[in-house]
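Any read-out appearing in this document is the output of simple, stated calculations on the displayed coordinates, not a laboratory observation. All of these numbers come straight from a predicted model, not from anything done at the bench. Note that each Cβ is placed from the backbone with ideal geometry, even for glycine, and that neighbours are counted across all protein chains shown.
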Amino acid sequence: MQTVQETIHAKIVQLAKGLGNDARGLLDDTVIPETGLLDSAALMELVMWLETTYNRDIDQDDITIENFGTIRSMIAFLGRKQGL
Amino acid sequence: MPFSILTPRINNNDDTVRLSKLLVAIGTLVRPGDLLLEVETDKASYTVEAEKEGYLLAVNAQEGDTVDVGSVIAWIGTTPHEIVPTQKGIVTNQVTSAEPSLKARMLLAQYGLKSSQILSSVDKLTAADVEHHIRTHGMEPLRNSAHFARAKTSTSPSTPGRTVPLTPEQHGMLRTVQWHSQEAVPAFLEVSYDPASWKRYAADFQKANRLMIDPLVSLKAWRLVEIAKQRPEINATLVGDQKHIYDHVNFGFTVQVGEKLYVVVVRKAESLTAIEFVKRLGELQRAAMKDILRPDETSGATIVFSSMARWNVTRHIPILVPQTALIVAHTTAGPTTACIGATYDHRLLNGWDVVRTLADWSKPEGN
């Protein structure tokens, strides 16, 4: 069974592939927007996917670098929202 | 408050149509683009669609009845139990020989009415008479080509094939395309700009606001809101032979989600700050992705921004959204140069108006 980390990583790889980018080497602490692997629409799709996959309501105000910049920060944010 | 569906004009010379078929039952929840009923003349037929989401409350005629063009043929409400205003669209015998005044004539055209449908208080049909008729009949102005419908073609292609109904989204696009081609006089131009200054501006904005998502395209859209505030003539449409300048900037922004193309609308965008606008647009984009947009979030655009930069499109000439005068066409930028274009309604704007708009737009901070 995939961990949350692996599941999010796989989703990012899939979204990046759709844009012709290879995100397989992405590390948990890499700041995703700085890599250029995902454009703004793909990042938005990622946030929406997190929202539905982990059943969390995410306010627009919460979509910050601190909360979603890296895979690690995403997991921490989701945990804070509802104890993952 | 229920809203009305008006009887469309199918042919220039026919002031009445026959209700040939009801396609949904009273009480049915309908969405924009859903087919409600068919009307016909001896020459053509037309399918009337729902323009807004709601419950079909009443149809003011029965199959086979003759109905005045421009009269209310059906009512839709936000709940199934709303009271329908008393109004019948069936042909009446209220004939007046009174000559309409100029203002009355304009109102008649705006609402698709004939002077013979209205009782005049004096020997001249006045604007007050028409306004009284409009008020008591709960009428709305003819807003787009759906009310001046193009007849369905009666000729089928000679090559064999399948005929399938259009989806609601395709119907929506058809309405837009018909308005663009039948009512507007579209023209297009583009100017070059320096993409580097925009990139710097967006990067600084993103950093200052700790945004996860690059706000570049949203800020480019916001810049158009600022210009529309300063220059209201680009935030307008033509009604009859008059310019209708909108009170608010209801900002339309195209969002492609899979096969569906939405125009999400930030209402009263002029009252927002840049960061509020960026966040509101983000909310609407997410709602579009989830397919949970409310009707008021996809209607009433007064000016539009369309970006195809994501797909590396280097030029696109968008069609005008009904009752707008300008849609900006944003495309992919090269490292040192880029182009920004706009389709505009030449009845309201000339090339110089648009060049000035785009030249102002190219400066991110308006300096």
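Dipole orientation for the protein assembly as shown: of the candidates B:SER4, A:MET74, B:ILE118, A:MET74 has the Cα lying most toward the positive pole (charges on Cβ; Lys, Arg +1; Asp, Glu -1). Relative contact order of chain B: 14 percent, from C-alpha pairs under 8 Å at least 6 residues apart in sequence.
Using only the Cα atoms, work out Rg/Rh for the stretch A:41-84, with Rh taken as the Kirkwood radius, to two decimals. Could you put the intermediate results ahead of the total?
Numbers: Rg = 9.3 Å, Rh = 10.3 Å.
On the Cα set of the stretch A:41-84, Rg over Rh gives 0.91.
Counts of other chain beta carbons within 10 angstrom of each beta carbon in peptide B:213-221 average 3. Ordering B:VAL264, B:LEU211, B:ALA187 by Cα displacement along the dipole of the stretch B:159-292 toward the positive end leaves B:LEU211 in first place; charges were set at the Cβ atoms of Lys, Arg (+1) and Asp, Glu (-1). Across chain A, the mean sequence separation of Cα contacts (distance under 8 Å, 6 or more residues apart), normalised by length, yields a relative contact order of 31 percent.
Shape call for the stretch B:213-264 from the C-alpha gyration tensor, a ≥ b ≥ c root eigenvalues: rounded (a/c under 1.5), prolate (a/b greater than b/c) or oblate?
In terms of gyration-tensor shape, oblate.
Using equal-weight Cα scatterers in the Debye expression, the normalised intensity of chain A in log10 at q = 0.11, 0.26 Å⁻¹ is -0.25, -1.55.
Taking the number of other C-beta atoms within 10 Å as the exposure measure, put B:GLU63, B:GLU297 in order starting with the fewest. Intermediate results must be reported in sequence, preceding the final value.
Numbers: B:GLU63 12, B:GLU297 18.
By the 10 Å Cβ count, ascending: B:GLU63, B:GLU297.
In chain B, the calculated helix contribution to ellipticity at 222 nm averages -8000 deg cm²/dmol per residue, counting -39,500 (n - 2.57) for every DSSP H run with n ≥ 4.
Quick one: of the DSSP bridges fully inside the stretch B:255-367, what percent are antiparallel, nearest 5?
Numbers: 8 of 12 bridges.
Given both bridge residues lie in the stretch B:255-367, the antiparallel proportion sits at roughly 65 percent.
What distance in nm separates the two pseudo spin-label positions at A:LEU19 and B:HIS244, each 7 Å out from Cα along the beta-carbon direction? With each label point 7 Å from Cα toward Cβ, the separation is 4.0 nm.
Dipole size in debye (nearest 20) for the stretch B:278-367 around its Cα centre, Lys and Arg Cβ +1, Asp and Glu Cβ -1? It would help to have the intermediate numbers written out before the result.
Details: 10 positive and 8 negative charges, 41 e Å.
Taking the Cα centre of the stretch B:278-367 as origin, the dipole is about 200 debye.
Can you give the Rg/Rh ratio of the stretch B:170-361, where Rg is from the C-alpha atoms and Rh is the Kirkwood radius? Could you put the intermediate results ahead of the total?
Values: Rg = 15.8 Å, Rh = 16.8 Å.
Rounded to two decimals, Rg/Rh equals 0.94.
Using the Kirkwood radius over C-alpha pairs as Rh, can you work out the diffusion coefficient of chain B via Stokes-Einstein at 25 °C, viscosity 0.890 mPa s, in µm² per second?
109 µm²/s
Can you check what the net charge comes to around B:ALA359, using other residues whose Cβ is under 15 Å from the Cβ of B:ALA359 (Lys, Arg +1; Asp, Glu -1)? Working shown, then result.
On the way: positive: B:LYS220, B:ARG223, B:ARG231, B:ARG356, B:LYS363; negative: B:GLU190, B:ASP194, B:GLU226, B:ASP353, B:ASP360, B:GLU365.
Around B:ALA359, the charge tally is -1.
Hey, how many Å between the Cα centroid of the stretch B:45-84 and the Cα centroid of the stretch B:301-367? Their Cα centres are 37 Å away from one another. When chain B is treated as a Gaussian network with alpha carbon springs shorter than 10 Å, the biggest mean-square fluctuation among B:ASN235, B:ASN60, B:ASN209 belongs to B:ASN209.
Counting DSSP beta bridges in the protein assembly as shown, what percent are antiparallel, to the nearest 5? Could the numbers behind the result be given before it?
Values: 48 of 58 bridges.
Restricted to the protein assembly as shown, the bridges split so that about 85 percent are antiparallel.
Between B:VAL185 and B:GLU283, how high is the FRET efficiency from 1/(1 + (r/R0)^6) when r is the Cβ-Cβ distance and R₀ = 25 Å? Nearest 0.05.
After rounding to 0.05, the efficiency reads 0.10.
When Rg and Dmax are taken over the Cα atoms of the stretch B:311-367, they come to 12.3, 36 Å.
Within the listed set B:GLU53, B:GLU226, B:GLU131, the residue fluctuating most in the Gaussian network model of chain B (springs between alpha-carbon atoms under 10 angstrom) is B:GLU131. Pairwise alpha-carbon distances in the protein assembly as shown exceed 30 Å for 53% of all pairs. Take each residue of peptide B:324-331, count the partner chain Cβ atoms within 10 Å of its Cβ, and average: the result is 0.
Extension gain, B:ARG105 to B:LEU166, is 18.3 nm, computed as 0.36 nm per intervening residue step minus the present C-alpha separation.
Which whole number gives the average count of other chain Cβ atoms within 10 Å of the Cβ atoms across peptide A:28-40? Before the final figure, lay out the partial values.
Details: counts 0, 0, 0, 1, 1, 5, 0, 0, 1, 0, 2, 6, 12.
Other-chain Cβ atoms within 10 Å of each residue's Cβ, averaged: 2.
Sorted fewest first by neighbouring Cβ atoms within 10 angstrom, B:SER307, B:SER181 come out as B:SER181, B:SER307. Considering amide H positions built from the backbone, and no H for Pro or chain starts, which residues 5 or more places from B:LEU37, or on another chain, come under 5 Å of its amide H? Under 5 Å from the amide H of B:LEU37: B:LEU23, B:VAL48.
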